[in-house]
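Notes for the one structure printed next.
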Amino acid sequence: MSNFMIMMTRLLKHKKITYLMIAILFLGCLTGLRLVWSDIFPASKSHPIVDGVLDMRGIDLEASHSFYMDGQWLFYPEKLLSHQDMQSAAPPQTIEVPGSWGNLLNHEKGYAYGYGTYRVRILTDPLVQPVSIWLKGIQASSEVEINGNLLASIGKPAASAEDYMPRNVSYTATYSVEGTTELDVLIRVANYDKPSKGGILRSLQFGSQAAIDTVRWYSIGFQLVTFVLLILHSLYAFILYYFNWKERTLLLTSLLLIAVGISIAAGHDHLLMLWLPINYTWAIKIKLVSLMWQIFLILLLFRRFSAAQPGNIWMRAYTISLVAFTAVLFAAPAQMIDFLITYKIIYFFFFVPFIWFAGVAGGMIFHKKNDIDIVFLLLSAVSIISNLLWSFASTSIDVTTTYYPFDIMAAMIGFSTYWFKKYYRQSRENSELYEQLKKEDKLKDQFLANTSHELRTPLHGIMNIAETVVMKEKERMNASSIKDMELLIQISRRMSHMLGDLLDVARLKEHRIMLKQEPMHIQALVPGIMAMLAFLMEGKPVQLQMSIPDSTPLVMADEKRLVQILYNLLHNALKYTEEGQIDISAEVRDGFVMIHVADTGVGMDEETQARIFLPYEQGAYGVSDGRGMGLGLSICKQLIELHGGELAVQSTPGHGSTFSFQLPLAGAEHLTSALNPALSAATGSEAEIAAGIGSLYDPASFTQESIPALLNDSRVHILAVDDDPVNLSVLAGILSAEPYQLTTAHSAREALELLPTRTWDLVIADVMMPQMSGYELTQKIREHYSLSELPVLLLTARSQSTDIYTGFASGANDYVTKPVDALELKYRIKALITLKQSIHKRLRMEAAYLQAQIHPHFLFNTLNSIMALSMTDTEKMRSLVEAFSSYLRISFDFLNTEELVELSHELELAKAYLFVEQERFGERLSVEWEVEPGLNPLLPPLTIQPLIENAVKHGLLKRNKGGTVFIRVARQHDATRIEVRDNGTGMSQEIIHQLLNRTMSGKSGIGVSNTNRRLLQLYGQGLLIQSTPDEGTRVSFIVPDQQTNGSSQ
């Protein structure tokens, strides 16, 4: 015994042998279960019929099971007789039941077509309870008459094929007349469909109604339950397949369960013909097709489980032949179907896949090593094989008349267990992979964050080097090289933006982004953001427009993050819009402000819309197109959710997209708290102001530390521009202790109107303002003032490279990031004002120096003229000496270093100069004056004489015949217009441009350039030069009335 156990233990160590033993044991269990089933529902006892008589006397029918009605029946061929016809009927023949009547009909071709009447007399003890006959397998229509009473019929038996209606379904006929001792049973049968067999082909059963109904309804009930379970499982499998189209095994399982269910409903008791309005022929077709495809689908399913190659040539050939045979079967008439069955042709499609399947199942046992759940498939295979074998065996042996469902159920349970085990195993594996991916994702984010940090420094170095090269070498580089360098800078900026997005993604995942929400106008932010994106629209036929009403109420948001959200959405719209327009609009809805960014770009399909907000997801274009990494929209979505809103998209391919999100309206309590700083600024000290302005200016930075004095003691004029009065009040509080005169403007347009009213030393502007942003305001200022003539300090909520670049590109001198450190702001203001004052002083000194730097030729020639006149005309000599001395006195006068002088001072210098030049050149130089009486405005020193000198030297004296210089001073609207005109050589537009260019180098035209720069600085407009070569030149400028009142800045 011990040796046997050792041997079994060794055998079990081999997996193949273990699987084989499990299969054998399970097959034994199924066989034992079927035998138990046959004991519970045993086959009917055989009580032979002799010469048409079934003697059941002495048998207690109520206490017995049903009995087979096999034996010698009486048969009347080619007759459909009733009890009334029996007296005149010809003598009957005997026929074995069950069996075909083919030999008794004497058909010419041996076919079983025809009709006839079966008769049997059943002798019983006097009946107490009803009795029944269970009729099945009658080919192909029948009706039952007992003791002259027509009790049941299926189909319509008739003497001709035209009147005949076939139907082959099991049914019962019940007789319930008490005391009856003899039952004369007539069964009229007709067959015009099956040429090979006709008549009663299966055993009929007789017994009490209770015995028959018990067996029959149990059988039908088990068929119904099995059918319903199969269809439900098929539905579940198909639903799972619907959600996972790649898992074809689920589809095969669903189709297999349907095929098995149909084969059950079409076989045994032919329930399908009771449920559906189908005829006899189609019932046979459906049954055969379901059986063929059932075996084929089992083969396909196990081939997939065994990971067999799908492109097998034999499988393709068999599949094609099966499909073709199925088509033939559906199109064939009943006679052809009977021929295929009779001559075993159809068996090819049963046995070939069955043998193939057995081989695949065996191969899974001996070759499959990886799938630990193979045992459940093995059990399913054994169940299928058992069911098929017993199905073939039941054609010749009746083990039980009640349908046996457990082989099919065992196969279903095996499949279901395999799927469940596989699902739970994969679910566990997925969970483990998920945790692993989470760790790796975290490491990836950390790596990207670290990489972004490391790349920023060299990237900015590349950008700075490239910008320096462009600035220094622009004159020596060709257009192609400049374009390449600009492209390099643009790509570097785009990469810098990507690195910023990567850092934000890491911060969002780690929940390190904290919002500082405060009331703000969305309409004030948008113009600044549009200005930041202006460089992306260069050369692109796209219009960027804002449709946000000025009446849109305040929202609660973090300004820095809201700018980032809007920037990313507009940037995304620009990327995917080649032409058309992009519109940003807003509306109030249910306590929120809904913001829409609509474009006319490429649009998106529904699949893209479903994944566009995921990190690293993109639309129709990818990274290869240089359109980013797919992070912008994901960051926007998360930032909007932090604000309490949602980001949604509506899009149609080819018609653009609309991104929408909402921000909460600012409540009354938020508005009250926002106004507190302004009240404090108007009534309190800096410490009181700081109590309520943490979101605008850094309270910790408010200090009374003194700022070093400026270059001069004159009062400094600063223009502060912000649409928020709170910010302006706070700024006034910060600068209250400084020697500054602060003027405020609540919009960029108001600031532009204030610019010409006086000389400003500094403009402080918020970037985000409605209608016109701080960037646009700076560009407008730079149209009239250089960086040194009027510095601009921008206040911005963000310190991203994009914001800074846009500010400097617009012409700003410096920027300060909010919340502003008060001390930093003071020092930056001082630095910019000091710069402006030093440049302004240098310009004045430069003009005085240029005037004092009298040319030697002019000096020597004038002295020579004086000496010559001393010998010829003493009076003229005296006038020339007075004019020359006056010229020298005024040229070296300290008034020339002042900011403004009277017009009379300038005219005196000009007249002295012209008198000297006229004496020198005589008739070659003529002068005409037109000075309106009573005019004596203040204007910058040394502005008229350099213009006259330029006209004389470069316009008139270059011509042999000389010319005339005309000086005119007159009123023009609210200003004084001063004009110097000559009829000399004139000049080209290129030379005019060089004279007015602030950055020109060289000595030629320095006086005119200096005059133009000082006029621009003071009045916002410089010299107007009109000239035509060989015709003359007209130079003029305007002195506004504000300066005539004698106001000193």
Legend entry - Condition check for Ile565: in a helix (DSSP H, G or I) and more than 21 Å from Leu639 (Cα to Cα): no
Inset, instruction - Could you tell me which residue of segment 452-471 is surrounded by the fewest Cβ atoms within 10 Å (Cβ to Cβ), considering only residues that are touching a residue at least 24 places away in the same chain (Cβ under 8 Å) and over 21 Å from Phe808 (Cα atoms)? - result: His453
Legend entry - Number of the exception - Gly199 against (1) under 30 Å from Phe305 (Cα atoms); (2) outside the structural domain of His268 (by TED's automatic domain parsing): (1)
Inset, instruction - Taking only segment 160-195 into account, find how many residues are in contact with a Gly (Cβ under 9 Å, 6 or more places away or on another chain) and surrounded by fewer than 14 Cβ atoms within 10 Å (Cβ to Cβ). - result: 0
Legend entry - From Leu448, Leu459, residue being assigned to a helix (DSSP H, G or I), at negative phi and under 29 Å from the mean Cα position of the chain (by Cα): Leu448
Inset, instruction - Can you confirm whether segment 913-922 contains a residue that is assigned by TED's automatic domain parsing to the domain that holds Thr976 and either surrounded by fewer than 16 Cβ atoms within 10 Å (Cβ to Cβ) or modelled with pLDDT of 80 or more (or both)? - result: yes
Inset, instruction - Name, by its number, the condition in (1) of a type in the set (A, V, I, L, M, F, W, C); (2) assigned to a helix (DSSP H, G or I); (3) modelled with pLDDT of 80 or more that does not hold for Val980. - result: (2)
Legend entry - Candidate set: segment 101-127, residues that are outside any strand (DSSP E or B) and of a type in the set (Phe, Trp, Tyr); chosen: the one surrounded by the most Cβ atoms within 10 Å (Cβ to Cβ): Trp101
Inset, instruction - Quickly run through segment 199-211 and pick out the residues that are of a type in the set (A, V, I, L, M, F, W, C) and buried (at least 24 other Cβ atoms within 10 Å of the Cβ). - result: Ile200, Leu204, Phe206
Legend entry - Matching entry among Leu752, Leu719, Leu742, Leu731 (being out of contact with any strand residue (DSSP E or B) (no Cβ under 8 Å at 6 or more places or on another chain) and modelled with pLDDT of 85 or more): Leu752
Legend entry - Test for Val952: is it part of a strand (DSSP E or B), in the same structural domain as Gly1022 (by TED's automatic domain parsing) and surrounded by 16 or more Cβ atoms within 10 Å (Cβ to Cβ): no
Inset, instruction - Would you check if Glu486 is closer than 20 Å to Thr806 by Cα, among the acidic types (Asp, Glu) and surrounded by fewer than 16 Cβ atoms within 10 Å (Cβ to Cβ)? - result: yes
Inset, instruction - Consider Leu614 carefully, then state whether it is modelled with pLDDT of 75 or more, within 11 Å of the chain's Cα centre (by Cα) and within 16 Å of Gln564 (Cα to Cα). - result: no
Inset, instruction - Would you mind stating whether Phe376 is surrounded by fewer than 21 Cβ atoms within 10 Å (Cβ to Cβ), modelled with pLDDT under 80 and part of a helix (DSSP H, G or I)? - result: yes
Legend entry - Cβ-Cβ under 6 Å pairs, at least 6 apart or on other chains, segment 5-32 side over 16 Å from Phe376 (Cβ atoms) and not assigned by TED's automatic domain parsing to the domain that holds Ala358, far side modelled with pLDDT under 50 and surrounded by 14 or more Cβ atoms within 10 Å (Cβ to Cβ): none
Inset, instruction - Report, by residue number, each residue of segment 33-72 that is at pLDDT 85 or above, part of a strand (DSSP E or B) and either over 20 Å from Tyr118 (Cα atoms) or hydroxyl-bearing (Ser, Thr, Tyr) (or both). - result: Tyr68
Inset, instruction - Identify the single condition in (1) at pLDDT 75 or above; (2) over 30 Å from Lys136 (Cβ atoms) that Thr457 does not satisfy, given that it satisfies every other one. - result: (1)
Legend entry - Positions within segment 128-150 being among the hydrophobic types (A, V, I, L, M, F, W, C), closer than 19 Å to Met69 by Cα and surrounded by fewer than 18 Cβ atoms within 10 Å (Cβ to Cβ), in sequence order: none
Legend entry - Candidate set: segment 763-788, residues that are of a type in the set (Val, Ile, Thr) and assigned to a helix (DSSP H, G or I); chosen: the one nearest to Asn727 (Cα to Cα): Thr778
Inset, instruction - For residues that are out of contact with any Lys or Arg (no Cβ under 9 Å at 6 or more places or on another chain) and more than 22 Å from His596 (Cβ to Cβ), scanning just segment 511-534, find the one that is surrounded by the most Cβ atoms within 10 Å (Cβ to Cβ). - result: Glu518
Legend entry - Residues located in segment 909-936, provided they are small (Gly, Ala, Ser) and not in a loop (DSSP other than H, G, I, E, B): Ala910, Ala912, Gly922, Ser926
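The values are calculated or read from the model by the stated rules, or taken from the named source; none is laboratory data. Just so it is clear, the model here is predicted, and its values are computed rather than measured. For neighbour counting, all protein chains shown are included, and Cβ atoms are generated from backbone atoms with ideal geometry for every residue, glycine included.
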